[in-house]
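We did not get these values from a lab; they are worked out from the coordinates using the rules stated. Keep in mind that what you see is a predicted model, and the values were worked out from it rather than measured. Methodologically, a virtual Cβ is constructed for each residue, glycine included, from the backbone with ideal geometry; neighbour enumeration extends over all protein chains shown.
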Amino acid sequence: MFLNKNQQIIAIIVLKNQNIQSSAIHNKILKSGGDISLITVKRALSDLAKAGFLIANGSGRSTNYNISTKGRLFLNIDAHEYCSIEPDKRYGSSSYNFDFFSSLPTNIFFENELKILEQATDRYQERTKDLSEAIQKKELERIVIELSWKSSKIEGNTYTLLDTENLLLDNKEAVGKTKQETQMILNHKDAFDFIRKNKDRFKNITKRNLEDLHKILVKNLNVELGLRKKQVGVTGSIYRPLDNIYQVDEAVEALSNAVERLKTPYDKALMVLAGIGYIQPFEDGNKRSGRLMANAILLAYGCAPLSYRSIDENEYREAMLVFYELNSIAPLKKIFIEQYDFAAKNYLVK
């Protein structure tokens, strides 16, 4: 369901003000300078409730409205505008949503979006037929270099693309970089090699394959292995992940179950990308694990892996923050579609 302008305004008011009645919503619209009748508000609320975007409690004038998991998931949020608000003044939640994964629909991509992804995959699979060993080797080197560089750059690594190429092809460390930066790049290469050689393990996410992948990504980086036992924070966000190892374990299981229910590889990969970051199951390396696990799922289903090469780091971080605080997947979904289409056109990795 695509929301029209009035529905979008009303859905955001409900998101900001839980347990709110139609008259209160109407008053807020009028105070903000809007010009919508109460009848229009009630009609929009009814449509949103029927579509599963809102949850209605009570009856008649006493009906209160809350936003549902589906409503949060698909609400079209301007990530840059939202993140330009100081963290403590945002209207998002600082708490983990325990009902989120169990309430997910089986499809995250709309029909028109899915068509774009499937057409990109068709082109990709046609392009990767009958490749010579020399081409396969060269293409594998290229995506590993670009993925290792960009994914590390998102984490603040200062290696350039050329530095990364020299390191991975010639074992030449860049001058003036820390050992940790060098190791992060090398770990990305090893992680991609691991998921590519073990495709059959990654049609869904499990605690074991997630921990195995994380172990490779944080090798020699002084990061504790296994699920974290202490609190972590998210820089620039009001969101605070779970701080109890038993709840973290349950959250990983809930994510695993949700991914298994999702219908397409694209749905699975996107939710893994967002969900691992949301849970923050490890002491460090969570977003890296999410990016590589998403690629593991794509490769397992014969799809193109993402390098994230053309991504804007700030746009990516803002999209992740919107998911953490509002559970809206819309900004990250847009990035995923763009990056997948780019990957299918630019890489030849089988």
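Roughly how many nanometres apart are two label points built 7 Å out from the Cα toward the Cβ at ASP170 and ASN220?
Between ASP170 and ASN220, the simple spin-label model gives 2.0 nm.
Which residue fluctuates most in the GNM of the chain (Cα springs below 10 Å): SER46, SER93, SER84?
Its mean-square fluctuation being the largest, the pick is SER84.
For a label point 7 Å from the Cα of LYS334 along Cα→C-beta, name the residues of region 59-101 whose backbone N is under 14 Å from it.
The answer is 74-84, whose backbone nitrogens lie closer than 14 Å to the label point.
Order the peptides 57-64, 195-202 from the highest to the lowest mean number of other Cβ atoms within 10 Å of their residues.
Listed from highest to lowest mean packing, they are 195-202, 57-64.
What shape does region 96-194 have by the C-alpha gyration tensor, where a ≥ b ≥ c are the square roots of the eigenvalues, rounded means a/c under 1.5, and otherwise prolate means a/b greater than b/c and oblate the rest?
oblate
For ILE55, list long-range residues whose amide hydrogen, built 1.01 Å from N in the peptide plane, is under 5 Å from its own amide hydrogen.
HN-HN under 5 Å from ILE55: ASN66, ILE67, SER68.
Return the distance in nm (one decimal) between the two label points of a simple spin-label model at GLN125 and LYS31, each offset 7 Å from Cα along Cα→Cβ.
The two pseudo-label positions are separated by 5.4 nm.
Projected area of region 236-323, taken from the Cα convex hull and averaged over every viewing direction, in nm²?
Across all orientations, region 236-323 yields a mean hull projection of 6.1 nm².
Using Cα-only point scatterers and the Debye equation, what is log10 of I(q)/I(0) for the chain at each q in 0.12 Å⁻¹, rounded to two decimals?
-0.88
Just round it to a whole percent: the fraction of Cα-Cα distances in region 5-67 exceeding 13 Å.
When every Cα pair of region 5-67 is considered, 55 percent fall beyond 13 Å.
Shape verdict for region 129-258, please, from the Cα gyration tensor: rounded (a/c under 1.5), prolate (a/b greater than b/c) or oblate.
oblate
Over the chain, what relative contact order in percent results from Cα pairs under 8 Å that are six or more residues apart?
Once divided by the residue count of the chain, the mean separation gives 23 percent.
Taking θ as phi - 60°, what are the ³J(HN,Hα) couplings along region 171-183 by the Karplus curve (6.51, -1.76, 1.60), each to the nearest whole Hz, with x for Gly and Pro?
Couplings: 6, 9, 6, 6, 6, x, 9, 7, 4, 5, 5, 4, 5 Hz.
Principal axis extents for region 1-138, Cα atoms only, whole Å, descending order, please.
For region 1-138, the Cα extents along the three principal axes come out at 69, 34, 32 Å.
Summing +1 for each Lys or Arg and -1 for each Asp or Glu, what net charge is found among the other residues whose Cβ lies under 9 Å from the Cβ of ILE245?
So the environment of ILE245 carries a net charge of +1.
Provide the FRET efficiency to the nearest 0.05 for the LEU38-SER59 pair, computing r from the beta carbons and using R0 = 25 Å.
Efficiency at R0 = 25 Å is approximately 0.90.
Compute the length gained on full extension between SER132 and ASN6: take 0.36 nm times their separation in residues and subtract their Cα-Cα distance, giving the result in nm to one decimal.
39.9 nm
Is the shape of region 122-167 rounded, prolate or oblate, going by the alpha carbon gyration tensor and its root eigenvalues a ≥ b ≥ c, with a/c under 1.5 for rounded and a/b larger than b/c for prolate?
oblate
If you line up the long axis of helix 161-170 against the longest principal axis of the chain, both from Cα atoms, how many degrees apart are they, to the nearest 10?
In the chain, helix 161-170 runs at an angle near 40 degrees to the longest axis.
Amide H neighbours of ILE20 under 5 Å, at least 5 residues apart or on other chains, H built in the peptide plane: list them.
Here TYR65 satisfy the definition.
What aspartates and glutamates does LYS229 reach when the alpha-carbon gap must be under 13 Å and sequence neighbours fewer than 8 apart in one chain are set aside?
Here the aspartates and glutamates satisfying the reach criterion relative to LYS229 are ASP243, ASP249, GLU283, ASP284.
Per q in 0.26, 0.27, 0.28 1/Å, what log10 I(q)/I(0) does a Debye calculation on the alpha-carbon atoms of region 157-203 return?
Results for region 157-203 at q = 0.26, 0.27, 0.28 Å⁻¹ read -0.88, -0.93, -0.98.
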